[in-house]
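Colleague: Dumping the structure here so I can ask a few things about it.
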Amino acid sequence: HDDEELADELVVELPAEAVAMANISIDRVSRGRIAKTIELPGEVGFNEDRLVHIAPRFAGIAIKTSYRVGDYVDSGAVVAVVESNESMNAYPIKTPISGWVIERHITPGEFVSEENSIYVIADLSLVWVNLAVYPGDADRIKKGQDVSLSAIGSDIRSTGAVDYVTPIMDVHTRSLTARVILSNRDNEWRPGTFVKGTVVAGTGDEGLVVARDAVQHLDEETVVFVVDGTNRFRPVDVVTGDYDENNIRILSGLEEGVEYVANGAFELKAKIITSAMDGHAGHGH
């Protein structure tokens, strides 16, 4: 086969119902920029501005305790009653915030001191996501940058922005911390959960871009399927450059405005491979 015949053999023609079943969608090659992203490991932590250590005002004997670890308490609720050693009078101890009991260090009948916490209450409606920023990326992470967050080991996702970057390198981890304050009304983001943060740290030069899923590898070549008539698609060799989560840059092989298969390209590649294996080279039907 000469090159022209080979190119003709690779054209895939499908009936309209097959195009619909393959969920093929068409877009046009456009100009755009590729987002420059940095992936950072991190962990969900407590909002330390809303983490309260409750201690007795006066040392004494615990008479009553009202809550256990895991309980939710409302602001102003009495969490314990203590009999003061000084006055011998019992007095209530109240929580200044609403939140979850994450620690309890009091049992009825034991001595408690004003020097030690008897309860730790955490408001989890907002959590801090602390991302580790290593020296190579330190100059590229700034307050206000957008961050996509994903919990390791689950499908929990969210977005936020860098709220604060520590100015000092941690001597143990040799990293800075970039903090994202995240709404957590549904309590999905549990403190202690490991996360991955993807920070948008700028964009590349403008150029031609296509959907990332459009680019496929066929016969050791990198290709994009272009529209070659009604329900006809032809693979075109391309040279690719940078990519981000959604798009990939095309350095050569396509022109602006050309219609291409943005979704469903993998199915077209599979059709060509299957036809070749069956020995029925030519148009796919």
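The values are calculated or read from the model by the stated rules, or taken from the named source; none is laboratory data. Keep in mind it's a predicted model, so treat the numbers as computed, not measured. When we count neighbours, we look across all protein chains shown, and the Cβ atoms used for this are built from the backbone with ideal geometry, even at glycine. What goes into the accessible areas is simple: the full protein's heavy atoms, side chains included, and nothing from ligands, DNA or RNA. Shrake-Rupley method; radii C 1.70, N 1.55, O 1.52, S 1.80 Å.
Colleague: Restricting attention to the stretch 183-204, and to residues there that are farther than 11 Å from residue 132 by Cα and among the basic types (Lys, Arg), which single residue is least open to solvent (accessible area, probe 1.4 Å)? Before the answer, list the steps.
Modeller: Initially, the stretch 183-204 is screened for residues farther than 11 Å from residue 132 by Cα, giving 183-194, 198-204.
Keeping just the survivors that are among the basic types (Lys, Arg) gives 185, 190.
Values: 185: 183, 190: 157 Å².
Residue satisfying both the conditions and the ranking: 190.
Colleague: Among the residues of the stretch 161-182 satisfying the criterion of being open to solvent by 60 Å² or more (accessible area, probe 1.4 Å) and in contact with a strand residue (DSSP E or B) (Cβ under 6 Å, 6 or more places away or on another chain), which is nearest to residue 101 (Cα to Cα)? So that I can check it myself, show each step before the final result.
Modeller: Applying the first criterion (open to solvent by 60 Å² or more (accessible area, probe 1.4 Å)) to the stretch 161-182 yields 163-164, 167-168, 170-174, 181.
In the following step, the residues that additionally are in contact with a strand residue (DSSP E or B) (Cβ under 6 Å, 6 or more places away or on another chain) were identified as 163-164, 181.
Working: 163: 27, 164: 27, 181: 21 Å.
That would be 181.
Colleague: Could you say which residue among 104, 68, 50, 57 is under 30 Å from residue 165 (Cβ atoms) and basic (Lys, Arg)? Reasoning before the result, please.
Modeller: On the way: 104 fails: under 30 Å from residue 165 (Cβ atoms); 68 fails: under 30 Å from residue 165 (Cβ atoms); 57 fails: under 30 Å from residue 165 (Cβ atoms).
The match here is 50.
Colleague: So, one more: Which of the residues that make up the stretch 229-247 are outside any loop (DSSP other than H, G, I, E, B) and closer than 30 Å to residue 17 by Cβ?
Modeller: Start the filter on the stretch 229-247 by keeping residues that are outside any loop (DSSP other than H, G, I, E, B), which leaves 232-237, 239-243, 247.
Once the filter is applied, which keeps residues that are outside any loop (DSSP other than H, G, I, E, B) and closer than 30 Å to residue 17 by Cβ, the stretch 229-247 yields 232, 233, 234, 235, 236, 237, 247.
Colleague: Scan the stretch 248-277 for residues that are of a type outside the set (Asp, Glu), open to solvent by 40 Å² or more (accessible area, probe 1.4 Å), outside any loop (DSSP other than H, G, I, E, B) and touching a strand residue (DSSP E or B) at 6+ places or on another chain (Cβ under 9 Å) and jot them down.
Modeller: 249, 251, 252, 263, 266, 271, 273, 274
Colleague: If you take just the strands (runs of 3 or more DSSP E) that sit entirely in the stretch 14-117, which of them hold at least 3 residues that are closer than 30 Å to residue 130 by Cα and touching a residue at least 24 places away in the same chain (Cβ under 8 Å)? Don't jump to the end; show me each part of the working.
Modeller: Values: elements: 25-28, 30-32, 35-45, 51-54, 60-65, 78-84, 90-94, 99-104.
Answer list for the stretch 14-117: 35-45, 51-54, 99-104.
Colleague: Tell me yes or no: at least one residue of the stretch 100-107 is open to solvent by less than 60 Å² (accessible area, probe 1.4 Å), under 23 Å from residue 68 (Cβ atoms) and in contact with a His (Cβ under 7 Å, 6 or more places away or on another chain). Lay out the reasoning, then the answer.
Modeller: Step one: of the stretch 100-107, the residues open to solvent by less than 60 Å² (accessible area, probe 1.4 Å) are 101-102, 106.
Then drop every residue that is not under 23 Å from residue 68 (Cβ atoms), which leaves 101-102, 106.
From what is left, the residues that are in contact with a His (Cβ under 7 Å, 6 or more places away or on another chain) are none.
Looking for residues that are open to solvent by less than 60 Å² (accessible area, probe 1.4 Å), under 23 Å from residue 68 (Cβ atoms) and in contact with a His (Cβ under 7 Å, 6 or more places away or on another chain), one finds none in the stretch 100-107, hence no.
Colleague: Would you check if there is a residue in the stretch 222-235 being more than 15 Å from residue 12 (Cβ to Cβ), out of contact with any helix residue (DSSP H, G or I) (no Cβ under 6 Å at 6 or more places or on another chain) and surrounded by 19 or more Cβ atoms within 10 Å (Cβ to Cβ)?
Modeller: As a first pass, look at the stretch 222-235 and keep what is more than 15 Å from residue 12 (Cβ to Cβ): 222.
Those left that are additionally out of contact with any helix residue (DSSP H, G or I) (no Cβ under 6 Å at 6 or more places or on another chain): 222.
Retained after the next criterion (residues that are surrounded by 19 or more Cβ atoms within 10 Å (Cβ to Cβ)): none.
The answer is no, given that none of the residues of the stretch 222-235 is more than 15 Å from residue 12 (Cβ to Cβ), out of contact with any helix residue (DSSP H, G or I) (no Cβ under 6 Å at 6 or more places or on another chain) and surrounded by 19 or more Cβ atoms within 10 Å (Cβ to Cβ).
Colleague: Given the conditions (1) under 26 Å from residue 159 (Cβ atoms); (2) touching a strand residue (DSSP E or B) at 6+ places or on another chain (Cβ under 7 Å), report the number of the one that residue 134 does not fulfil.
Modeller: Residue 134 satisfies every listed condition except (2).
Colleague: Here's another thing I want to ask about it. Anything in the stretch 52-83 that is open to solvent by 50 Å² or more (accessible area, probe 1.4 Å) and either hydrophobic (A, V, I, L, M, F, W, C) or at positive phi (or both)? List them, or say none.
Modeller: Answer for the stretch 52-83, where residues must be open to solvent by 50 Å² or more (accessible area, probe 1.4 Å) and either hydrophobic (A, V, I, L, M, F, W, C) or at positive phi (or both): 58, 61, 63, 69, 78.
Colleague: Yes or no: the stretch 60-71 includes at least one residue that is touching a Lys or Arg at 6+ places or on another chain (Cβ under 8 Å), among the charged types (D, E, K, R) and within 27 Å of residue 266 (Cβ to Cβ). Full working, then the answer.
Modeller: Step one: of the stretch 60-71, the residues touching a Lys or Arg at 6+ places or on another chain (Cβ under 8 Å) are 65, 67-69.
Add one more test, that the residue is among the charged types (D, E, K, R), and what stays is 68.
The next check asks that each one be within 27 Å of residue 266 (Cβ to Cβ); those that pass are none.
Within the stretch 60-71, none of the residues are touching a Lys or Arg at 6+ places or on another chain (Cβ under 8 Å), among the charged types (D, E, K, R) and within 27 Å of residue 266 (Cβ to Cβ).
Colleague: Also, I was wondering about something else. Which ones in the stretch 242-256 are hydroxyl-bearing (Ser, Thr, Tyr) and either closer than 8 Å to residue 208 by Cβ or under 23 Å from the mean Cα position of the chain (by Cα) (or both)? Full working, then the answer.
Modeller: In the first step, residues of the stretch 242-256 are kept if they are hydroxyl-bearing (Ser, Thr, Tyr); the result is 243, 252.
Within the stretch 242-256, just 243 meets the criteria.
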